[in-house]
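First comes the structure, then the notes that go with it.
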Amino acid sequence: MLLVVDVGNTQTHFGAFQGEQLLEHWRFATVRQSTADQLGAALRNLLGLRGYGFEDIDASIVSSTVPQLEPEWTAMASRYLSQEMHAVGPGTRTGMAIRYDNPREIGADRLVNAVAIRERFGGLAVCVDFGTATTFDGALMTGIEISLEALSERGARLPKVDLAPPRSVIGKNTIDAIRSGVVYGYAGAIDAILRRLYDELGERTAVIATGGLAHLVVPFTEEIEEIDDLLTLTGLRLLHERNA
């Protein structure tokens, strides 16, 4: 069984594959101060909920956007799984050309998603990842949660608002007005960036959304038709196969 781990700034998403089949996957909040022992305890407990254990894991791979957690995950694998966990980064064989000016600047999750969509479409495609930041693999904007938090922190009379779909474009109270502006504003910004990407690429491409906040925003966009919650986990499996 292959363990794949995607460490994001807000959430950690990991899963277990048997061949190409995803047996199970889990999410938990990313805690930057986590130690290898704490990660091992969390992993063991979550595996146990589905009847699995450390002994079922034959190989593992991790991509992390939190630098201090990458060595903790690899140490966890060494200590509890008795194996070397592959960490996605410079030197990882992707099987595709990387045209970034400095490939070392590319986040590990960006590489993983690019591999997954290239495998799926066999050519040009765009991934929009709704996480702490909203990324287009070539464009990056502040995540919707960060913008909402900044609005309430900077606006002394504005309340903190939970993210939820707006009831209408015209809000009849402050909370509905904020939700409308944030959600429709983000949806419009995403559509605008995608249309500019099409212009620069010279053609309209397939677009896939992923990330924990995709389900909130994508229904209000015009350019995104599909959400793939498991895109990054699939990319990690593919990268393991190419680097085994």
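The values are calculated or read from the model by the stated rules, or taken from the named source; none is laboratory data. Just so you know, these numbers come straight off a predicted model, no measurement behind them. As a convention, Cβ positions derive from the backbone with ideal geometry for all residues, glycine included, and neighbour counts pool all protein chains shown. Accessible surface areas use protein heavy atoms only, side chains included; no ligands, DNA or RNA. Shrake-Rupley method; radii C 1.70, N 1.55, O 1.52, S 1.80 Å.
Key figures
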| read-out | value |
| --- | --- |
| Solvent-accessible area per residue, Å², over the chain with all protein chains present [probe radius 1.4 Å] | 53 |
| Options T135, T234, V183, ranked by Cα towards positive dipole end of the chain, top entry (Cβ charges) | V183 |
| Whole-percent carbon and sulfur share, accessible surface of the chain, 1.4 Å | 47 |
| Kirkwood-type radius of the chain, with distances r between different C-alpha atoms, in Å | 19.3 |
| Simple Cβ-charge dipole of the chain, Lys/Arg +1 and Asp/Glu -1, about Cα centre, in debye nearest 20 | 500 |
| Cα radius of gyration and Dmax for the stretch 36-174 (Å) | 20.0, 58 |
| Karplus (6.51, -1.76, 1.60) ³J(HN,Hα), θ = phi - 60°, over the stretch 11-25, in Hz, Gly and Pro reported as x | 10, 10, 10, 9, x, 10, 10, 10, x, 8, 8, 7, 6, 6, 8 |
| Kirkwood-Stokes translational diffusion coefficient of the stretch 143-193, alpha-carbon pairs, 37 °C, 0.692 mPa s, µm²/s | 293 |
| 14 Å beta-carbon shell around E70, net charge (K/R +1, D/E -1) | -3 |
| Cα centroid separation, the stretch 9-67 to the stretch 189-205 (Å) | 35 |
| Debye, to nearest 20: dipole size of the stretch 114-201, +1 on Lys, Arg Cβ, -1 on Asp, Glu Cβ | 340 |
| The stretch 1-95: radius of gyration and largest Cα-Cα distance (Dmax), Å | 12.4, 36 |
| Fraction of antiparallel bridges per DSSP, the chain only, in percent to nearest 5 | 55 |
| Sequence-distant residues sharing a close amide H with M85 (under 5 Å, placed H) | S78 |
| Folded to 0 to 90 degrees: helix 231-243 orientation relative to the chain principal axis, Cα | 30 |
